[in-house]
Every structure is written in structure tokens, then in C-alpha cells.
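Report on the following structure.
The values are calculated or read from the model by the stated rules, or taken from the named source; none is laboratory data. Computed from a predicted structure; not experimentally measured. Note that each Cβ is placed from the backbone with ideal geometry, even for glycine, and that neighbours are counted across all protein chains shown.
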Amino acid sequence: MMETSDKVGFSALDREIPLVARPLVAGIQLSTWLKANMALIDRRLQEHGAILFRGFEPMGLEEFEAVVKAISPEPLQYLYRSTPRSLVGDRIYTATEYPPNHSIPLHNELAYQRSWPLRLILFCVQPAETGGETPIASTLRVTDRIDSDVKRKFEETGVMYVRNYEAGPDLSWQTVFQTSDQKEVEQYCRTHDIEYQWKNRETLRTRQVCQAIALHPTRREDVWFNQAHLFHISSLGESTCRALLKIYREEDLPRNAYYGDGSKIEDAVLEHIRNAYSSEAVCFTWTANDVLLLDNMLVSHARNPYKGKRQVLAAMTDRYAGG
């Protein structure tokens, strides 16, 4: 079914996400069209959670920056990082730079923090030769699939994220906090209620308990909103998990997740959560110049392995302190 508005048509893909917006006439610049139609986009995004803008005038970095600022005047910095990324523009980043042979599970951006962006914007500069899709899933549908007893326990305790920062196996604290000043790190941790411990001059451990379920600010619906399944050591696979546990004590692993009271999350529970995500995954193929706008609480995203060059840029907007 096609709807039209101001020379742009909308049609839904599988399970109604993403909603695809295409120009019906040539020569439409996305940033200009967005400035005049953000009320419409706000409504469509709240209904569908994801909008894929396809077929608009070709853009480069400068035009993508204009697109981001048409959506929100204040793009966010990527602080307290969990993945390697490079800054390429005004708060425009590369999408995760994990090796191309690795998949990244479905997750909501920065759901391991107590505040997060409400919107995530992805721009496909160059699709991969093969693979490299960005699967998405309705967080509301995922939430419905998770057993009520599992939700109840997580809601009661929250999720504890434990991170150990040192050169080599994961991101350094300098990269995560974007500073080489330990005093700045300590101030950030105190401000955000993160427990920290300098194990020596160059290695740091942090612990923080965050929400497992969050209330969407406009839909007023509870959504499963955490990264327990992603931070947990089991997300790396059985062989990698065994190898790391030969090197590190459990408390010294680069990252791990627990119930908020510090108790271990059962393997069966983690498998149940991952199955809830995978059951709702929707996949589309990137084309150059695509822009994907996500409501970060209503829709989660992932990355498939790929071959060949791939470049996807990312921006985050509208910080929400919902924890």
C-alpha cells in the first residue's frame, strides 16, 4: 500500500519496518524536504519505528550533516563507547569498525547507559560487495516475546555491566572515555554513577547498574532496553569464551553482564533473549545513498558479516535520560 505526501511516497516493507520513503519526482534533496516535513516524519516514525529514505538526490558528508540537523539541531557525541568508531564530521561517525567477518547482534544504541539517543541515523555511502546488511527488529515485538518471569526479574534487579579496560582485547579507557586524563574519567564516572577502580596506572574496571526495561517517552509503552545479551561473555561464542577464561579470571574479563544484584544470568535466559531478537529480525539490502532513521527505543539494529568495501556513517540525536 502506497501513501503520498508532498511528492514523496511511503510504503511498508516486511512486518511494517522499515517504512520506505521514495521521491515521486526527480531532484528532491532530502535535507530540504525533511525541513518542510518533520511533523509528518515524527508521526510516521512513532507509528513504524524505522524509515528508509531511498532514491533522493545523491549526497556526500556535508549533505548528510544537513539531513541530521534537519532531524534534530543537536547531534550527540559518542561518549562512554563500546565499539570502535572514527569521527568523520560534525558528530558524524563511522558505523562500528569491528572486523567484517564478525556479526553484531541486534541491540538498541547505548542501551547499556542510563541515558541514550532517541534517534539513530545511518547513511550508506557504499554498500558491501556481499553481506553487510543492517537487520532491524521491532523492540515492542521483542518485548512481547520475552517470558514474563524473565522480564520481572530483570525489571526488579536491572543489569550490571562490568568492564575492564586495557590495551589489546577490547577498547582502552582512553578510547571509551575519549580522554587520556584519569581525573576526567573519574569525574565522568562520578557524574554518571559508575563505580570505578584503577587496577594499576593503565588498567581500569567499572561497574554500573542500568535499566533492563524502559518506558518510551511518547508511546508510553515499556520496551526491553538493555544490552545484557551483547555484553555477556557468551555473546562471543563458545570457543572465544573458553579462550578468554583461560587468560582472565571472570571478574577481569574485558566486559560481562550480570543481573543488577551481581548474580549470574542463566545461559537459558540469555538464549531465550537472543531468540526473541532473532525471531523478529527484518533484513533489507543497502543501496548507495540510503538513509535509515530509527527510533532507537522502538527498533533495534544489527550488522551482518560482509566482504568488500563497506562504508556506513552514523549520527545520534535527542538524548533521553530514561534510566
Going by what's in this entry, would GLU97 be described as acidic (Asp, Glu), at pLDDT 95 or above and not in a helix (DSSP H, G or I)? no
Those residues of segment 40-75 which are assigned to a loop (DSSP other than H, G, I, E, B) and either closer than 23 Å to VAL25 by Cβ or among the β-branched types (Val, Ile, Thr) (or both) amount to ARG54, GLY55, PHE56, GLU57, PRO58, MET59, GLY60
Would you check if there is a residue in segment 218-227 being modelled with pLDDT of 90 or more, more than 24 Å from LEU118 (Cβ to Cβ) and not in a helix (DSSP H, G or I)?
no
* Is it the case that some residue within segment 97-111 is crowded, with 18+ Cβ neighbours inside 10 Å, of a type in the set (D, E, K, R), touching a residue at least 60 places away in the same chain (Cβ under 8 Å) and not assigned by TED's automatic domain parsing to the domain that holds GLY237? -> yes
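Assess whether ARG201 counts as being farther than 27 Å from ALA321 by Cβ, in contact with a helix residue (DSSP H, G or I) (Cβ under 8 Å, 6 or more places away or on another chain) and not aliphatic (A, V, I, L, M). Step through it out loud before you land on a result.
Working: farther than 27 Å from ALA321 by Cβ: yes; in contact with a helix residue (DSSP H, G or I) (Cβ under 8 Å, 6 or more places away or on another chain): no; not aliphatic (A, V, I, L, M): yes.
No.
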- prompt: Can we say LEU215 is outside the structural domain of GLU63 (by TED's automatic domain parsing), touching a residue at least 40 places away in the same chain (Cβ under 8 Å) and buried (at least 20 other Cβ atoms within 10 Å of the Cβ)?
  reply: no
Contact list, first residue from segment 9-38 and surrounded by 14 or more Cβ atoms within 10 Å (Cβ to Cβ), second anywhere and in a strand (DSSP E or B) and among the charged types (D, E, K, R), beta-carbon distance below 6 Å, six or more apart or interchain, is GLY9/ARG22; PHE10/GLU3
Only one of SER172, SER103, SER148 is among the small types (Gly, Ala, Ser) and within 19 Å of the chain's Cα centre (by Cα), namely SER103
Before we move on, is LEU140 part of a helix (DSSP H, G or I) and either among the hydrophobic types (A, V, I, L, M, F, W, C) or buried (at least 18 other Cβ atoms within 10 Å of the Cβ) (or both)? yes
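Residues of segment 76-89 being under 20 Å from GLN126 (Cα atoms) and either without any contact (Cβ under 8 Å) to a residue 24 or more places away in the chain or not in a strand (DSSP E or B) (or both), which ones?
From segment 76-89, those under 20 Å from GLN126 (Cα atoms) are 84-89; that's our starting set.
Residues satisfying the conditions are PRO84, ARG85, SER86, LEU87.
With respect to SER239, is the statement that it is in contact with a Leu (Cβ under 8 Å, 6 or more places away or on another chain), small (Gly, Ala, Ser) and either touching a residue at least 60 places away in the same chain (Cβ under 8 Å) or over 30 Å from PHE64 (Cβ atoms) (or both) true?
Spelling it out, it is not the case that SER239 is in contact with a Leu (Cβ under 8 Å, 6 or more places away or on another chain), small (Gly, Ala, Ser) and either touching a residue at least 60 places away in the same chain (Cβ under 8 Å) or over 30 Å from PHE64 (Cβ atoms) (or both).
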Within segment 1-22, is even one residue touching a helix residue (DSSP H, G or I) at 6+ places or on another chain (Cβ under 9 Å) and within 30 Å of ASN256 (Cα to Cα)? no
Exercise. Quick check: anything in segment 254-274 touching a residue at least 12 places away in the same chain (Cβ under 8 Å) and under 26 Å from LEU19 (Cα atoms)?
Worked result: yes
Among (1) in a loop (DSSP other than H, G, I, E, B); (2) among the small types (Gly, Ala, Ser); (3) in contact with an Asp or Glu (Cβ under 8 Å, 6 or more places away or on another chain), SER234 falls short only on (1)
